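The structure appears below as structure tokens.
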């Protein structure tokens with residue numbers, strides 16, 4: 001493999017701290033970057049990609065990705081709120097085989113459903129979240145109901161304490177991930193949402209992965225001061241299946257590195273609606289999110305979130321209507337936040353979890369997890385970042 005994304009320009013002026021590798025150096029640079037300056041000049045923007053070219057010095061690395069158009073019917077794509085696959089703008093990067101970046105393939109208005117699901121439905125019990133570490137299940141029973149009025153009147157009282165939804169950092173779906181043992185558990189499983197499973201299956205099929213099964217999901221809830229540390233997603237037992245990542249809300253910078261941290265990563269923007277697929281060689285690469293970017297016009301929403309969904313949805317659609325009352329809450333939340341859904345297949349076909357010693361099973365995995373997003377103002381006590389997202 002060739003040298004990954006060598007840093008050029010203002011990044012090279014950074015002084016490397018003792019013991020700091022190339023990835024950590026760029027992570028620190030983008031963590032401290034100033035939007036609107038030359039600091040972000042080398043970040044690839046796939047949304048501005050024309051003729052398979054992005055912006056910035058690294059844009060020569062951008063190539064078009066071929067999708068399996070015939071694997072997803074227009075009806076199934078529409079059912080998931082997606083444009084026909086033939087209209088998707090999919091890109092790859094030289095030096096990163098197996099990495100696919102799909103620039104917002106959602107139909108206008110359909111992102112509303114997925115944002116609402118992340119905040120209103122997926123955050124509910126029996127799904128596990130970071131708040132379970134310090135609160136009872138009764139206290140975290142319905143975060144939406146406890147938070148919606150706070151968020152709806154956020155502009156009126158900006159000095160109020162954060163609502164529970166604003167303290168939410170992660171939620172697990174399907175097989176629960178144990179942050180301490182770094183393993184998935186067969187003993188704690190919650191039904192995987194059927195709508196998200198269907199969406200994931202269509203995206204995976206379009207990228208050439210027929211038969212993908214959505215078995216585990218980790219939802220990350222980012223504030224403007226949140227980061228996600230450098231890590232590799234290797235805990236799934238079957239690495240032949242892709243990792244799917246869906247972004248909604250404010251934009252962020254994503255760093256994709258190499259097999260080792262001494263290889264400098266490539267930086268790219270993730271905008272609302274963007275989807276990333278990591279498979280093959282790129283499935284086990286180091287990656288991180290050093291920066292969530294505030295809206296350039298203050299507390300605003302990305303343009304693609306300004307259009308409501310159509311009044312009449314297809315009869316068999318997995319997407320549900322979103323009331324203006326619910327969207328008011330979601331919009332208030334997203335003005336200073338972003339949500340990311342990562343979906344994984346944990347087991348290969350006909351594979352089972354290995355037997356664990358009895359002492360391992362005695363651990364209460366439902367509350368061991370703690371905030372793996374580095375949030376400077378997080379009001380929930382948590383240790384340093386865990387290495388798996």
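Summary of values
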{"read-out": "Considering residues of region 310-337 that are within 22 Å of the chain's Cα centre (by Cα) and in a loop (DSSP other than H, G, I, E, B) only, the residue farthest from residue 96 (Cα to Cα)", "value": "322"}
{"read-out": "Residues of region 274-284 satisfying the condition of being out of contact with any strand residue (DSSP E or B) (no Cβ under 6 Å at 6 or more places or on another chain) and assigned to a loop (DSSP other than H, G, I, E, B)", "value": "279"}
{"read-out": "Selection status of residue 339, at pLDDT 95 or above and either farther than 22 Å from residue 217 by Cα or crowded, with 21+ Cβ neighbours inside 10 Å (or both)", "value": "yes"}
{"read-out": "Residue ID - farthest from residue 328 (Cα to Cα), chosen from residues in region 147-178 that are assigned to a loop (DSSP other than H, G, I, E, B) and at pLDDT 95 or above", "value": "169"}
{"read-out": "Some residue of region 96-103 being surrounded by fewer than 21 Cβ atoms within 10 Å (Cβ to Cβ), under 30 Å from residue 321 (Cβ atoms) and modelled with pLDDT of 95 or more", "value": "yes"}
{"read-out": "Residues (in contact (Cβ under 8 Å) with a residue 60 or more places away in the chain, assigned to a loop (DSSP other than H, G, I, E, B) and farther than 24 Å from residue 47 by Cβ) located in region 226-258", "value": "232, 233, 234, 235, 236, 237, 238, 240, 241, 258"}
{"read-out": "Selected residue [closer than 18 Å to residue 220 by Cβ, in contact with a helix residue (DSSP H, G or I) (Cβ under 9 Å, 6 or more places away or on another chain) and buried (at least 20 other Cβ atoms within 10 Å of the Cβ)] from 165, 121", "value": "165"}
{"read-out": "The lone exception for residue 36 - which of (1) over 26 Å from residue 280 (Cα atoms); (2) touching a strand residue (DSSP E or B) at 6+ places or on another chain (Cβ under 6 Å); (3) modelled with pLDDT under 95 it fails", "value": "(2)"}
{"read-out": "Verdict on residue 205 being in a loop (DSSP other than H, G, I, E, B), farther than 30 Å from residue 32 by Cα, touching a helix residue (DSSP H, G or I) at 6+ places or on another chain (Cβ under 9 Å) and at pLDDT 95 or above", "value": "no"}
{"read-out": "Residue among 311, 298, 306 that is at positive phi, out of contact with any strand residue (DSSP E or B) (no Cβ under 7 Å at 6 or more places or on another chain) and free of Cβ contacts under 8 Å to residues at least 40 places away in the same chain", "value": "298"}
{"read-out": "Region 63-73, subset in contact with a helix residue (DSSP H, G or I) (Cβ under 8 Å, 6 or more places away or on another chain) and surrounded by fewer than 23 Cβ atoms within 10 Å (Cβ to Cβ), residue farthest from residue 271 (Cα to Cα)", "value": "71"}
{"read-out": "Residue in region 112-131 that is in contact with a strand residue (DSSP E or B) (Cβ under 9 Å, 6 or more places away or on another chain), assigned to a loop (DSSP other than H, G, I, E, B) and over 20 Å from residue 197 (Cα atoms) present", "value": "no"}
{"read-out": "Residue 219 being within 12 Å of the chain's Cα centre (by Cα) and either closer than 28 Å to residue 119 by Cα or surrounded by 22 or more Cβ atoms within 10 Å (Cβ to Cβ) (or both)", "value": "yes"}
{"read-out": "Residue in region 14-33 that is surrounded by the fewest Cβ atoms within 10 Å (Cβ to Cβ), counting only those that are at pLDDT 90 or above and outside any helix (DSSP H, G or I)", "value": "32"}
{"read-out": "Region 285-295, subset in contact with a strand residue (DSSP E or B) (Cβ under 8 Å, 6 or more places away or on another chain) and in a loop (DSSP other than H, G, I, E, B), residue nearest to residue 204 (Cα to Cα)", "value": "285"}
{"read-out": "Looking only at region 78-95, and only at residues there that are part of a helix (DSSP H, G or I) and touching a helix residue (DSSP H, G or I) at 6+ places or on another chain (Cβ under 6 Å), the one that is surrounded by the fewest Cβ atoms within 10 Å (Cβ to Cβ)", "value": "86"}
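The values are calculated or read from the model by the stated rules, or taken from the named source; none is laboratory data. Since this is a predicted model, take the numbers as computed values, not measurements. When we count neighbours, we look across all protein chains shown, and the Cβ atoms used for this are built from the backbone with ideal geometry, even at glycine.
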